[in-house]
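Encoded as structure tokens, the structure appears first; notes follow it.
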Amino acid sequence: MNGDSGRAAAKSIVEFLFPFLVVGLLWELAVRLHLVGMEMLPSPSVIVGKLWTLTIRGVLLHHLASSLYRLAIGYVLAVGLGIIVGVALASRRLLREMFAPVLSMLISVPTIAWVPVLLITMGLGDRTVITAVFLGGFFAITYNTMRGIEMVNQGQLNAARIMGVSGWRLFVEVLLPASLVSVITGLRLGIGYSWRALVGGEMLSALVEWGIGKMVYQARFWNDVAVMLMGLLIIGFSGFLLDRVLLKWLERETVEKWGMLAKR
Amino acid sequence: MGVSWRKHKSSRATGSRWWLPALPVALFLAGWQLLAGVNLINPSLFPPPTEIASELAELYTSGLPTRSLLIGHVTATLSRLLVASVIGILSGTLAGALMGISSRLYRFFDPLITVLMPVPGIAMAPLFIVWLGFGDPTIIALGSIAAFFPLAYNTAAGVRSIDPQLVRAARMMEAGKGTLLFDVYLPWAAGYVLVGVKLGLARCWRTIIAVEFIAAASWGLGYMIWDAAEYLRAGVVYGGIFLLIIIYFVIEKGLVNTLEKFTVERWGMVQR
């Protein structure tokens, strides 16, 4: 899969895109042969045409940029606070016994269900969407950070303590690397939840004008199925790319970290 | 064995210091009640817990002789969840099993699933409203799709992990295609399928609540919460979210327990 040679990469990209090509062709054929109506299901060529006009007019870029801006702020906050709270819960037994059950109940609440509360308390604009993005990522990251640190080998920890490592150094050089696999799981889950919360939040917040979720939602008022389908494809591919790009990058980081640990 | 360990630990923790997790919740609620009572936080945005409770009670009693409003919303959502998750789980397991058996099918459908999976159900709602209209058909269709993906994905992964010796042995004993699928592949993948069921159910639940926000005709917990938010009835919004927490907690605990029994039974069967 992650072969380093360019040919293997090119081959896997072609293999990845092939099914989309086949489905697209069958779909186009079905529409051209009038097996389904154009209003219900516009053909891929119409969708691609729409994609082209919206791209050259800059509309699509504007939507994507506002979405990514909200995602970046909300997600970075979720990562920062999630890791801090997760570490705090893992390192203080009392805190964990007090808050872990509440946390596991709050995780089960669909992030989108917080949106009505946020709309009431924070208004109908950007702040609501960004907070939803934050909440989406925060719980998953907190929970997995906590679990990861809990599972760190106690002997390893004691050894580090005996050698005089404590405080910030203990955290950065021992705890974090040892719990990294679980933390990264949290980060991956978190970006998925944040992405979904972003799209949902944009759709439901009335004063938000731009954003990829808003684009799909607004298409409803003109029954513009082509824009809806295009938006869904973009949402899917972006979510996939975020996961792949972030995951790949983090994997490389972990591999490097592991290598460093082995060398020592 | 992992399961028994977890049970043991949690029962010990709740046995001796059960009040610890209740403490912050109680303090939080008491503080909220107090602050809202003296108007330090806006009680129309953050109605005190007692008012939330009385709003819920009022929703329960309204229309009671014939049909309680609250019960109506809850049953609407739960029946959608039941239908959608059954459709999604069955079709997802079947698709996953086929993808697991044939690597050609896997290579074809895997990219499609990876791209469609991160699309939230609520984003598909406008499309499905155009296709199927407001109400049950749209909500159930999107709930089924939400449950479908984790099952297809996990079942395929489980079936692909099968020991080829087993398949060869079954083939030698002249097992037909159906026998092979239901008696060899699926039992092997049962653990994966169960994980898929848990994930699928959670996704189905989330999607149904979210889609009810914008596509429900007039019933459902999601509709109830959304409608209350539009009319700034904060008490009903908080009460609704509280109900969401409780209901899903019950579903998950009930489901996990039955699933555990199911796996233990499977184990027994295998050993016998």
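The values are calculated or read from the model by the stated rules, or taken from the named source; none is laboratory data. It should be emphasised that the depicted structure is a prediction, and the values quoted were computed from it without experimental measurement. Positions of Cβ are generated from backbone atoms using ideal geometry, with glycine treated the same way; all protein chains shown enter the neighbour counts.
Filtered by the rule that a residue be exposed (fewer than 14 other Cβ atoms within 10 Å of the Cβ) and more than 23 Å from A:MET98 (Cβ to Cβ), the range B:25-44 gives B:GLY37, B:VAL38, B:ASN39, B:LEU40, B:ASN42, B:SER44.
Results for (1) in contact with an Asp or Glu (Cβ under 9 Å, 6 or more places away or on another chain); (2) surrounded by fewer than 20 Cβ atoms within 10 Å (Cβ to Cβ); (3) under 19 Å from B:ALA123 (Cβ atoms); (4) modelled with pLDDT under 90, shown as yes or no for each residue.
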| position | (1), (2), (3), (4) |
| --- | --- |
| B:ILE208 | no, no, yes, no |
| B:PHE213 | no, no, yes, no |
| B:SER218 | yes, yes, no, yes |
| B:LEU221 | yes, no, no, no |
| B:MET224 | yes, no, no, no |
| B:TYR231 | no, yes, no, yes |
| B:VAL236 | yes, no, no, no |
| B:LEU244 | no, no, no, no |
| B:VAL250 | no, yes, no, yes |
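Which numbered condition in (1) closer than 27 Å to A:ILE212 by Cα; (2) away from chain A (no Cβ under 14 Å); (3) not in a helix (DSSP H, G or I) is the only one that B:ALA175 fails? Looking at each condition in turn, B:ALA175 falls short on (1).
Taken over the range B:208-248, the criterion of being more than 8 Å from chain A (Cβ to nearest Cβ) and of a type in the set (Ser, Thr, Tyr) is satisfied by B:SER218, B:TYR223, B:TYR231. Screening A:LEU41, A:LEU33, A:LEU25, A:LEU51 for residues that are under 30 Å from A:GLY125 (Cα atoms) and either under 30 Å from the mean Cα position of the chain (by Cα) or not β-branched (Val, Ile, Thr) (or both) leaves exactly one candidate, A:LEU51. For the range B:44-64, the tally of residues that are touching a residue at least 12 places away in the same chain (Cβ under 8 Å), hydrophobic (A, V, I, L, M, F, W, C) and part of a helix (DSSP H, G or I) stands at 4.
Going by the conditions given, is B:GLY96 out of contact with any strand residue (DSSP E or B) (no Cβ under 8 Å at 6 or more places or on another chain) and surrounded by fewer than 18 Cβ atoms within 10 Å (Cβ to Cβ)? No; evaluated as a whole, the condition is false for this residue. Among the residues of this structure, B:PRO187 counts as one that is surrounded by fewer than 17 Cβ atoms within 10 Å (Cβ to Cβ), more than 14 Å from chain A (Cβ to nearest Cβ), over 28 Å from B:ILE139 (Cβ atoms) and touching a residue at least 24 places away in the same chain (Cβ under 8 Å).
Any residue at all in the range A:75-98 that's surrounded by 15 or more Cβ atoms within 10 Å (Cβ to Cβ), without any contact (Cβ under 8 Å) to a residue 12 or more places away in the chain, small (Gly, Ala, Ser) and within 14 Å of chain B (Cβ to nearest Cβ)? Looking through the range A:75-98, at least one residue is surrounded by 15 or more Cβ atoms within 10 Å (Cβ to Cβ), without any contact (Cβ under 8 Å) to a residue 12 or more places away in the chain, small (Gly, Ala, Ser) and within 14 Å of chain B (Cβ to nearest Cβ).
If you filter the range A:233-243 down to residues that are at the interface with chain B (Cβ under 9 Å from one of its Cβ atoms) and surrounded by fewer than 22 Cβ atoms within 10 Å (Cβ to Cβ), you find that the one that is farthest from A:TYR193 (Cα to Cα) is A:LEU233. When A:SER66, A:SER108 are screened for being touching a residue at least 40 places away in the same chain (Cβ under 8 Å), under 19 Å from the mean Cα position of the chain (by Cα) and crowded, with 17+ Cβ neighbours inside 10 Å, only A:SER66 passes. Only one entry of B:GLY63, B:GLY96, B:GLY100 meets the criterion of being more than 15 Å from the chain's Cα centre (by Cα), under 24 Å from B:LEU142 (Cα atoms) and not aromatic (Phe, Trp, Tyr), and that entry is B:GLY96.
For A:GLY231, the stated conditions hold: it is closer than 15 Å to B:MET124 by Cβ, in a helix (DSSP H, G or I) and over 11 Å from the mean Cα position of the chain (by Cα).
Would you check if B:PHE108 is farther than 28 Å from A:SER194 by Cα and within 14 Å of chain A (Cβ to nearest Cβ)? The answer is yes for B:PHE108. Counting only helices (runs of 4 or more DSSP H) that sit completely within the range A:147-226, those holding 2 or more residues that are more than 10 Å from chain B (Cβ to nearest Cβ) and surrounded by fewer than 18 Cβ atoms within 10 Å (Cβ to Cβ) correspond to A:154-162, A:180-204.
Of the listed requirements (1) surrounded by fewer than 18 Cβ atoms within 10 Å (Cβ to Cβ); (2) touching a Leu at 6+ places or on another chain (Cβ under 6 Å); (3) within 12 Å of chain A (Cβ to nearest Cβ), B:VAL119 misses just one: (1). Looking at A:ILE13, A:ILE47, just one residue is assigned by TED's automatic domain parsing to the domain that holds A:LEU233 and assigned to a helix (DSSP H, G or I), and that residue is A:ILE47. For the range A:51-74, which residues satisfy the criterion of being within 14 Å of another protein chain (Cβ to nearest Cβ) and out of contact with any Asp or Glu (no Cβ under 8 Å at 6 or more places or on another chain)? Selection gives A:HIS63, A:LEU71. Checked against (1) within 30 Å of B:LEU45 (Cβ to Cβ); (2) at pLDDT 90 or above, B:ARG203 passes all but a single condition, namely (1). Cβ-Cβ distances below 7 Å connect the following pairs, each with a first residue in the range B:14-43 that is more than 11 Å from every other protein chain (Cβ to nearest Cβ), a second residue that is in a helix (DSSP H, G or I), and a separation of six or more residues or different chains: B:LEU29/B:PRO49; B:TRP32/B:PRO49; B:GLN33/B:PRO49; B:GLN33/B:THR50; B:PRO43/B:ALA36.
Against the criterion of being in contact with an Asp or Glu (Cβ under 8 Å, 6 or more places away or on another chain) and surrounded by fewer than 23 Cβ atoms within 10 Å (Cβ to Cβ), B:ARG107 qualifies.
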